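Please read the structure below before turning to the comments.
Every number in this text was worked out from the coordinates using simple rules, so none of it is lab data. Remember, it's a predicted structure, so these values are computed and weren't measured experimentally. Here Cβ is always computed from backbone atoms with ideal geometry, including for glycine, and neighbour counts include all displayed protein chains.
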Amino acid sequence: MRAKDERVTEPLALDQIKSAIGIDVGLKEFLTTSEGKTIPIQQTYRQAQNHLARQQRRLKNKQKGSINYQKQQNKIAKIHQRIQRQRKDFQYKIANWLTRCYDLIAIEDLNIKGLSRTQLAKSILDAAWGQFIMILEAVAVKCGVRVVKVNPHGTSQDCSSCHAKVLKTLSVRFHECPKCGLIMDRDENAARNILHRALEEIQAVGRIASAGGGLDNSQPAKQETLKGEWV
C-alpha cells in the first residue's frame, strides 16, 4: 500500500467554501476573471521567434555533424528551454495567486487538441492553456482548493444575467444583451457563466448549507476583492 503524500491537502469541504471565481482564458488576454480582472497574455514564443529563426538559419549554414553544428544545436535548445521556463514561471505565479485568494476556481474544460488544429494554432500553443490548467490543478491540490471544469459550450454567447442567447462573432468584444440590457466585456461575461456553471455542478452533488457559513443554492459564492497584484 502506497504511503499517503503528506504534501497533498484534502479538498475544502463544500460547506467551507467562502470565495469562488470563474476564469476565461483567451488570446486577447491570457485570462479574464468573473470579477473583471485581466492578466495580459505573455506570448513568450512569439517574442523570441525572430531570435530563434536567426539561430536556426545559422544552423543551416554549418556542416551537419561538426562541432560547430552541435554547438549551434545546443544554443537553439537553450532558447527553447528558456521559453518553456519563462512560460511556466508566468503560469505558476498566476496559479499561486488564484489559489491564495479563492477556495473554488471554475474554468472551462477545453479541447486543447481540437483547438490546436485551427488557424489560431500557433497562438493557442504559445498561450499553453493546457499546461496552465495542469499547473493550476496541481497547485490547487496541494492547497486544498477546488478546481471545477465546466462545459465551455455557449459561455461567450449566453448572458450571465438573464441567460438569454446573444450571438456574437470573435471580433465583437462586448456583450450587449437586448433582453436585460447588460453590457460588459465578453470575456468577463463568459467568466461569470463559467462560475455559475461550476456552482450549479457542485450544488448538484450536494447542497451547501448556509447554516454552516458556506454557500446555499440561492446565494452565489462571495467573489473576494483582490488584495494586491497577482505577482
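Computed values, structure above
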{"item": "Order by protection proxy (mean Cβ within 10 Å, highest first), peptides 151-159, 96-104", "result": "96-104, 151-159"}
{"item": "Cβ-Cβ FRET estimate between T9 and K93, R0 fixed at 22 Å, reported to 0.05", "result": "0.65"}
{"item": "Label zone at R100, where the point sits 7 Å out along the Cα-to-Cβ direction: the range 139-158 residues whose backbone N lies under 20 Å", "result": "139-147"}
{"item": "Inter-label distance, nm, simple model (7 Å from Cα along the C-beta direction), V172/Q73", "result": "5.3 nm"}
{"item": "E137 paired with L52, simple spin-label distance in nm, labels 7 Å along Cα-to-beta-carbon", "result": "2.5 nm"}
{"item": "Estimated distance in nm for a label pair at K62 and Q157, the labels positioned 7 Å out from Cα along Cα-to-Cβ", "result": "5.2 nm"}
{"item": "Links that overshoot a 24 Å alpha carbon limit, given the list K71/K93; K75/K142; K64/K88; K28/K168; K88/K149", "result": "K71/K93; K75/K142; K64/K88"}
{"item": "Ranked by how many other beta carbons lie within 10 Å on average, peptides 195-203, 85-93 from highest", "result": "195-203, 85-93"}
{"item": "Order by protection proxy (mean Cβ within 10 Å, highest first), peptides 161-168, 33-40, 10-17", "result": "33-40, 10-17, 161-168"}
